[in-house]
Amino acid sequence: MVEDPSGVPEQPGSQWYDNEAGPLVRPYAMTGGRTRPGPRGVRFDLIALVTLDDSAPGLDDSTALGPEHRTLIELCRAETQSVAELAAGADLPVGVVRVLLGDLLETGCVRVSRPVPPAQLPDEKILREVIDGLRAL
């Protein structure tokens, strides 16, 4: 028998169970061993916004989606959230959330709005000129 730091002997196989948290599921089990979201090679930035598509046909099919998928759907049901917010809300690693979102994107359950690349944002000088022009009015 193995002893934990508190000196209490552990039963064989108990490393998969936490008395306070319940059964532990490894991240690779949640994603089926996948580390990348979907075959299309979609990449989810932390600030990408995820919106639930209420018209998706498989949205209420509980047999096709795992519990983690349903958790993400419920989090998106209330409001559009970023990938980082979903990871925090679901208490899952960001890598796992990205893979699960890839599944939801493929089934059409969610839509993703990618952030604007910094190169496409307006120049700070132009914005300052606009502000100065508005103040002059």
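Determine whether Ala56 is at pLDDT 85 or above and of a type in the set (Gly, Ala, Ser).
When the stated conditions are applied, Ala56 does not pass them.
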- Message: Looking at the structure I just gave you, is Val99 at negative phi, in contact with a Lys or Arg (Cβ under 7 Å, 6 or more places away or on another chain) and of a type outside the set (S, T, N, Q)?
- Response: yes
- Looking at (1) in contact with a helix residue (DSSP H, G or I) (Cβ under 8 Å, 6 or more places away or on another chain); (2) outside any helix (DSSP H, G or I), can you tell me which one Pro115 breaks? (1)
- Taking only the stretch 88-110 into account, find how many residues are surrounded by fewer than 21 Cβ atoms within 10 Å (Cβ to Cβ) and either among the small types (Gly, Ala, Ser) or under 20 Å from Asp54 (Cβ atoms) (or both). 8
- Query: Restricted to the stretch 89-112, and to residues that are free of Cβ contacts under 8 Å to residues at least 60 places away in the same chain and part of a helix (DSSP H, G or I), which residue is farthest from Leu46 (Cα to Cα)?
  - Reply: Leu104
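The values are calculated or read from the model by the stated rules, or taken from the named source; none is laboratory data. Just so we're clear, the structure is a prediction, and the values are computed from it rather than from any experiment. No Cβ is skipped: glycine too gets one built from the backbone with ideal geometry, and neighbour counts run over all protein chains shown.
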